[in-house]
Amino acid sequence: AQINPHFLFNTLTMMNMIAMKSCIDENLSKSILLLSEILRNALNTSEVIVSLRSEVEYTQKYIDILYIREMNSFKAVWEIPDELMEKKVVKFSLQPLIENAFEHGIKSLRVDQERLIIIKAFERNGKLVVQIKDNGNTISDGRIKQINELIANSDLPANKHVGLKNINVRIKLTFGEEY
């Protein structure tokens, strides 16, 4: 936060130009551009609530970097009807969930196994519901219940489930306790 954002973007732009000029690997240039766009979005703290479309676009950049890093060894499928894309969500609420699905779900699967993350949105009782599913390691219903109780009581250990805890707190602060 103490580094001037212009310095970051100018440096990343310079790195991208060097990478393109060197013709080392087009993925290097693409990764630099994606990281620059992610940082630009992250440093824009004026928006707390964004359209689902904006959140999807941001999250897709994160997934694109993962594709490069993981050599396209997994697939992300978006199942979001266009009519929901202007619904409002808390900024940066999808990426940590995708990261969890990757790191704790499909990452441990062998590369020759299908590795799939599905991002789905729908309305239930007039409210937007977003689900992130993967076909990797499963978590028991008991463990899910335990984590949900810890989150509900703000009783999570400081270094555990940070992404889930942060998303939960930001959603409740923004939309109310029932969320």
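Centroid-to-centroid, using Cα positions, the range 70-118 and the range 120-179 are 15 Å apart.
Multiplying the sequence separation of residue 175 and residue 14 by 0.36 nm and subtracting their Cα-Cα distance, what value in nm do you get? It would help to have the intermediate numbers written out before the result.
Values: separation 161, 0.36 × 161 = 57.96 nm, distance 4.07 nm.
Taking residue 175 through residue 14 to full extension adds about 53.9 nm, to one decimal.
A 1.4 Å probe run over the chain, with the rest of the protein chains in place, finds 65 Å² accessible per residue.
Against the chain, whose longest principal axis comes from its Cα atoms, helix 26-43 is set at around 50 degrees. With θ taken as phi - 60° and the Karplus curve 6.51 cos²θ - 1.76 cosθ + 1.60 applied, the whole-hertz 3J(HN,Hα) list for the range 127-135 is 10, 6, 10, 10, 10, 10, 10, 9, 9 Hz, x standing for glycine and proline. What's the FRET efficiency of residue 85 with residue 46 using the Cβ-Cβ distance as r and R₀ = 22 Å, to the nearest 0.05? Once rounded, the FRET efficiency stands at 0.55. Here the label points at residue 160 and residue 140, each 7 Å from Cα along the C-beta direction, are separated by 1.4 nm in the simple model. Taking 12 Å as the straight-line reach from the Cα of residue 107, the aspartates and glutamates in range (excluding those fewer than 8 positions away in the same chain) are 70, 99, 134. Computed over the range 21-140, relative contact order equals 24 percent, with contacts defined as Cα pairs under 8 Å that lie 6+ residues apart. Seen against the Cα atoms of the chain and their longest principal axis, helix 162-175 is set at about 70 degrees.
Computing the accessible area with a 1.4 Å probe over protein heavy atoms, can you report the carbon and sulfur percentage for the range 88-179? Roughly 49 percent, rounded to a whole number.
Over 32 Å between Cα atoms: which of 61/160; 21/88; 30/145; 30/127 fall into that group?
Working: 61/160 25 Å; 21/88 41 Å; 30/145 40 Å; 30/127 36 Å.
Over 32 Å Cα-Cα: 21/88; 30/145; 30/127.
The values are calculated or read from the model by the stated rules, or taken from the named source; none is laboratory data. Computed from a prediction, not measured in an experiment: that's the story for all the values here. No Cβ is skipped: glycine too gets one built from the backbone with ideal geometry, and neighbour counts run over all protein chains shown. These area figures cover heavy atoms from the full protein model, side chains too; ligands, DNA and RNA do not enter into them. Shrake-Rupley method; radii C 1.70, N 1.55, O 1.52, S 1.80 Å.
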